[in-house]
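The block underneath contains the structure these notes are about, expressed in structure tokens.
The values are calculated or read from the model by the stated rules, or taken from the named source; none is laboratory data. In this text the structure is predicted, and so the values were computed from the model without any measurement. Cβ atoms come from the backbone with ideal geometry, glycine included; neighbour counts cover every protein chain shown.
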2 protein chains.
Amino acid sequence: MSRWDPDAQGRLRAAAMELFSERGYDDVTVAEIAERAGLKKRSFFRHYTDKREVLFTGSVDFQRAVVDEVRRAPESARPVEAVTTALAIGGAALVKWGEPVRQRQQLIASSLELRERELIKMDALTTAVADALRTRGVDDVSATLTARAGIAAFTTAFDRWAGQSEQEDFPTLMDDAIEQLRVALCGCDTDS
Amino acid sequence: MSRWDPDAQGRLRAAAMELFSERGYDDVTVAEIAERAGLKKRSFFRHYTDKREVLFTGSVDFQRAVVDEVRRAPESARPVEAVTTALAIGGAALVKWGEPVRQRQQLIASSLELRERELIKMDALTTAVADALRTRGVDDVSATLTARAGIAAFTTAFDRWAGQSEQEDFPTLMDDAIEQLRVALCGCDTDS
DNA sequence: CACGTGATGACACTCAGTGTCGCTACGCGT
DNA sequence: ACGCGTAGCGACACTGAGTGTCATCACGTG
């Protein structure tokens with residue numbers, strides 16, 4: 001196609017995953033990642049704003065998909081239902097990638113720096129979901145709290161999925177989490 | 001007392017708050033903070049592991065206080081009540097410091113780096129609270145979810161407090177948040 | 001008075017991240 | 001076929017965070 005090998009971003013991402021898995025996140029330099037991808041350190045930063053970001057390429061699409069799903073929810077749906085199903089759908093799509101996603105999650109768990117980045121991505125997602133709820137007419141505080149509750153259930157479900165080898169259905173894990181959250185908060189599992 | 005001026009940590013913290021407020025977090029170097037505190041850059045890192053940490057000195061004590069309060073809760077208390085009151089008490093103590101805490105919160109909100117650090121501190125608090133619940137015999141997933149719900153309410157209440165000038169009672173804000181969370185999740189405000 | 005100790009300074013170093021300039025195939029128009 | 005703009009990259013120099021190591025020097029203790 002062009003005079004350079006194609007898909008520099010993808011090569012950098014693959015090289016980073018390999019090296020991080022081999023020697024751990026902290027013991028790998030950006031120069032090494034770039035070299036394995038056939039590039040120089042300076043070019044790494046032309047494709048990714050920093051060293052952590054190479055592991056979070058999909059986060060923008062994921063957030064957009066979830067937010068779209070919240071908007072797509074029928075007007076009759078209660079806010080918490082809209083958020084829950086949106087996250088269940090998004091999570092199910094994520095989980096389809098299988099083992100690589102588990103590896104990535106394990107890698108993130110091994111590094112404080114990466115966990116910080118993961119947390120701020122989830123925070124951005126929370127804010128975006130809350131905004132989508134406000135668009136649906138939900139009041140400010142309620143939107144924030146519903147989004148936070150949904151993300152809490154999502155994270156719990158996702159951690160459970162990543163932590164076990166058996167392929168369990170993600171929406172089921174998500175429903176379990178929401179139900180347990182209802183029981184813990186209200187002492188009842190009454191739904192609409 | 002000693003041959004050096006006392007309370008180097010406190011001087012560094014004060015210097016950092018001053019400089020960050022004057023010019024913003026990103027435009028201040030560690031060397032400048034150290035210099036204003038009458039020290040050198042190398043000594044800054046003997047008191048704080050990194051540049052962000054200088055703004056999070058109290059987080060260890062805060063976490064310990066909240067966890068202690070969860071343990072102190074009567075056996076009759078439901079997990080969510082134990083967590084809620086523990087966070088309400090801890091938050092009320094925080095809020096007593098008044099304007100400096102608001103300034104610090106505003107500073108954190110202005111920097112992605114600082115927000116990342118704040119989020120991982122809250123995550124550590126969440127984990128610690130969940131562990132305290134497990135000690136009380138709460139099962140694994142339920143402990144995690146209850147802790148996450150409590151922290152969600154706490155953060156919402158704290159943000160509301162920090163965002164307005166009128167001194168509103170923190171436990172009241174916390175109760176409001178929990179109630180709205182119950183309504184959003186269960187569609188009812190039924191309590192035990 | 002000698003001796004250990006603890007907080008600091010001095011120095012050199014690694015690595016993440018940025019600014020800037022120059023290079024060179026590629027596409028495009030004439 | 002020729003000139004031209006441009007996108008992607010290398011080279012180079014630089015700042016700033018964070019670390020390892022050694023020297024220093026007042027203090028307390030015996």
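In the stretch A:7-39, the residue that is nearest to A:GLU53 (Cα to Cα) out of those that are within 11 Å of DNA strand C (Cβ to nearest atom) and assigned to a loop (DSSP other than H, G, I, E, B) is A:TYR25.
Restricting A:VAL54, A:VAL67 to residues that are within 16 Å of DNA strand C (Cβ to nearest atom), modelled with pLDDT of 95 or more and under 23 Å from the mean Cα position of the chain (by Cα) narrows the list to A:VAL54.
Out of B:ALA88, B:ALA16, B:ALA82, one residue alone is buried (at least 18 other Cβ atoms within 10 Å of the Cβ), assigned by TED's automatic domain parsing to the domain that holds B:GLU168 and more than 16 Å from the chain's Cα centre (by Cα). It is B:ALA82. Condition test on B:ASP131, is it in a helix (DSSP H, G or I), of a type outside the set (A, V, I, L, M, F, W, C), over 21 Å from B:ARG78 (Cβ atoms) and at pLDDT 95 or above? Taking the combined requirement at face value, the residue does not satisfy it. Across the stretch A:149-188, which residue is surrounded by the most Cβ atoms within 10 Å (Cβ to Cβ) among those that are at the interface with chain B (Cβ under 9 Å from one of its Cβ atoms) and of a type in the set (Ser, Thr, Tyr)? Among residues in the stretch A:149-188 that are at the interface with chain B (Cβ under 9 Å from one of its Cβ atoms) and of a type in the set (Ser, Thr, Tyr), the one surrounded by the most Cβ atoms within 10 Å (Cβ to Cβ) is A:THR156. For the stretch A:8-31, how many residues meet the condition of being over 19 Å from A:GLN105 (Cβ atoms) and either at pLDDT below 95 or touching a Leu at 6+ places or on another chain (Cβ under 6 Å) (or both)? Selection size over the stretch A:8-31: 0. Mind listing just one residue for me: the one in the stretch B:41-51 that is surrounded by fewer than 13 Cβ atoms within 10 Å (Cβ to Cβ) and within 13 Å of DNA strand C (Cβ to nearest atom) and, of those, farthest from the other protein chains (Cβ to nearest Cβ)? Per the criteria, the residue is B:ARG42. Within the stretch B:76-98, the set of residues being in a helix (DSSP H, G or I) and either within 16 Å of DNA strand D (Cβ to nearest atom) or of a type in the set (S, T, N, Q) (or both) comprises B:THR84, B:THR85.
One line per residue, one yes/no per condition, for (1) closer than 22 Å to A:CYS186 by Cβ; (2) at pLDDT below 95; (3) in a helix (DSSP H, G or I); (4) not acidic (Asp, Glu):
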site	(1), (2), (3), (4)
A:PRO74	no, no, no, yes
A:MET122	no, no, yes, yes
A:THR127	no, no, yes, yes
A:VAL138	yes, no, no, yes
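Among the conditions (1) among the hydroxyl-bearing types (Ser, Thr, Tyr); (2) surrounded by 20 or more Cβ atoms within 10 Å (Cβ to Cβ); (3) farther than 24 Å from B:CYS186 by Cβ, the only one that A:THR146 does not satisfy is (3). Among the residues of the stretch B:1-26, those identified as more than 8 Å from DNA strand D (Cβ to nearest atom) and without any contact (Cβ under 8 Å) to a residue 12 or more places away in the chain are B:TRP4, B:PRO6, B:ASP7, B:GLY10, B:GLU22, B:ARG23. The single condition from (1) within 16 Å of DNA strand D (Cβ to nearest atom); (2) within 14 Å of chain B (Cβ to nearest Cβ) that A:GLU35 fails is (2).
Taking the criterion of being among the hydrophobic types (A, V, I, L, M, F, W, C) and away from DNA strand D (no atom under 15 Å from the Cβ), would at least one residue in the stretch B:48-62 satisfy it? Yes, that holds for at least one residue. Does A:ARG117 qualify as being closer than 19 Å to A:SER165 by Cα, at pLDDT 95 or above and assigned to a helix (DSSP H, G or I)? No: the conditions fail for A:ARG117. Yes or no: A:VAL138 out of contact with any Phe, Trp or Tyr (no Cβ under 9 Å at 6 or more places or on another chain), under 20 Å from B:VAL141 (Cβ atoms) and within 14 Å of chain B (Cβ to nearest Cβ)? No, not satisfied. Inspect all residues belonging to the stretch A:108-126 and state whether any of them is more than 11 Å from every other protein chain (Cβ to nearest Cβ) and not aliphatic (A, V, I, L, M). Within the stretch A:108-126, one or more residues are more than 11 Å from every other protein chain (Cβ to nearest Cβ) and not aliphatic (A, V, I, L, M). When the test is whether a residue is in contact (Cβ under 8 Å) with a residue 60 or more places away in the chain, closer than 30 Å to B:LEU185 by Cβ and either away from DNA strand D (no atom under 16 Å from the Cβ) or more than 14 Å from chain B (Cβ to nearest Cβ) (or both), A:ALA132 passes it. Among the conditions (1) surrounded by fewer than 14 Cβ atoms within 10 Å (Cβ to Cβ); (2) on the phi < 0 side of the Ramachandran plot, A:LEU107 misses just one, which is (1).
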